[in-house]
């Protein structure tokens, strides 16, 4: 149930509507826009008649939400969500670049990369400290020590930090060091983890699963939103198809589709989306043109000797070239980088 209050509705009127929804068995989520307050009631709609709310003082209109995701739906927040972290806004006019290595390997490595990507215009450094790898014999990350290195390098270069959380036990340590907690593709439907992240008051970057539909992605976001954490950033990172010329198939069309269905910002990861360094630049350009609110790109100072995902990591000079190209494309679609 979606209740839109009139412009200038009094707080007492809003509270009466909330009380009525709660009494009828709904869990109420409030969204305050520039003009109107919107109340999203999640619960047993049953035979509830929207007219019961439309006659209440201060109410402009009331609708049933028919989509399976209520809080992630654009109807809950038509103006869109902007996730603000210090001076960085994800979902606003500026396309936010998040760049860094797949894994934190050493202090010298992360310091060198952080300085380079910050100089070229990145606002967030990415880097894994806990790495979910297909093989148990592959490099699994440096753990908390890697997070500490990442945080120190970010602070020295004025960057925010995004890093992946793999299970509930890692949330406290990730929350201590990272500004954004990333849920990887393998965990998109780890509903116990998503429920816990709904209790966290830090932005969550939720990656699309390798075989997930857009609806399934939004339903996973709903788990986090329903817990009270409304700062969710979606990420298109490619899906598994019959095509084998790239690691995944980068679904650029998902970006405008999500924009029409949801108020949540969406970024694109062309590194995982293609798995090939030579395809990252064209897919990054296409993602910005399609409306992505940011990019998540892997960058390494020596990708040929990277401990993970070297084949899809840009060299430092390639990242510089990418940022120069994106400034032109972003301007053409009314944005900046």
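Being farther than 16 Å from residue 234 by Cα and touching a strand residue (DSSP E or B) at 6+ places or on another chain (Cβ under 8 Å) holds for only one residue in 212, 178, and it is 178.
Please indicate, with yes or no, whether at least one residue in the stretch 292-302 is part of a helix (DSSP H, G or I) and either over 27 Å from residue 129 (Cα atoms) or touching a helix residue (DSSP H, G or I) at 6+ places or on another chain (Cβ under 8 Å) (or both). Checked the stretch 292-302: no residue is part of a helix (DSSP H, G or I) and either over 27 Å from residue 129 (Cα atoms) or touching a helix residue (DSSP H, G or I) at 6+ places or on another chain (Cβ under 8 Å) (or both).
Yes/no per residue for (1) within 11 Å of the chain's Cα centre (by Cα); (2) buried (at least 20 other Cβ atoms within 10 Å of the Cβ):
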{"site": "262", "(1), (2)": "no, yes"}
{"site": "275", "(1), (2)": "no, no"}
{"site": "283", "(1), (2)": "no, yes"}
{"site": "294", "(1), (2)": "yes, yes"}
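The residues on offer are 216, 176, and the sole one that is in a helix (DSSP H, G or I), surrounded by fewer than 19 Cβ atoms within 10 Å (Cβ to Cβ) and under 16 Å from the mean Cα position of the chain (by Cα) is 216. Screening residue 152 on (1) touching a strand residue (DSSP E or B) at 6+ places or on another chain (Cβ under 8 Å); (2) within 14 Å of residue 127 (Cβ to Cβ); (3) assigned to a helix (DSSP H, G or I) shows it passes everything except condition (1). Pairing each residue of the stretch 152-178 that is touching a residue at least 60 places away in the same chain (Cβ under 8 Å) with any residue that is in a helix (DSSP H, G or I) and crowded, with 18+ Cβ neighbours inside 10 Å, provided the two are 6+ apart or on different chains, yields C-beta distances under 9 Å for 160/154. Is the stretch 109-131 home to any residue that is touching a strand residue (DSSP E or B) at 6+ places or on another chain (Cβ under 7 Å), modelled with pLDDT of 90 or more, in a loop (DSSP other than H, G, I, E, B) and not assigned by TED's automatic domain parsing to the domain that holds residue 235? No, there is no match, as no residue in the stretch 109-131 is touching a strand residue (DSSP E or B) at 6+ places or on another chain (Cβ under 7 Å), modelled with pLDDT of 90 or more, in a loop (DSSP other than H, G, I, E, B) and not assigned by TED's automatic domain parsing to the domain that holds residue 235. Considering the stretch 35-55, the residues that are under 15 Å from residue 24 (Cα atoms) and in a loop (DSSP other than H, G, I, E, B) include one that is modelled with the lowest pLDDT, namely 45. Restricting the first member to the stretch 209-235 and to residues that are assigned by TED's automatic domain parsing to the domain that holds residue 32, and the second to residues that are modelled with pLDDT under 95 and in a loop (DSSP other than H, G, I, E, B), no beta-carbon pair is closer than 8 Å while six or more apart or on different chains.
The values are calculated or read from the model by the stated rules, or taken from the named source; none is laboratory data. Note that the structure is predicted; figures quoted are calculated from it, not measured. Because the Cβ atoms are built from the backbone with ideal geometry, glycine has one as well, and the counts that use them run over all protein chains shown.
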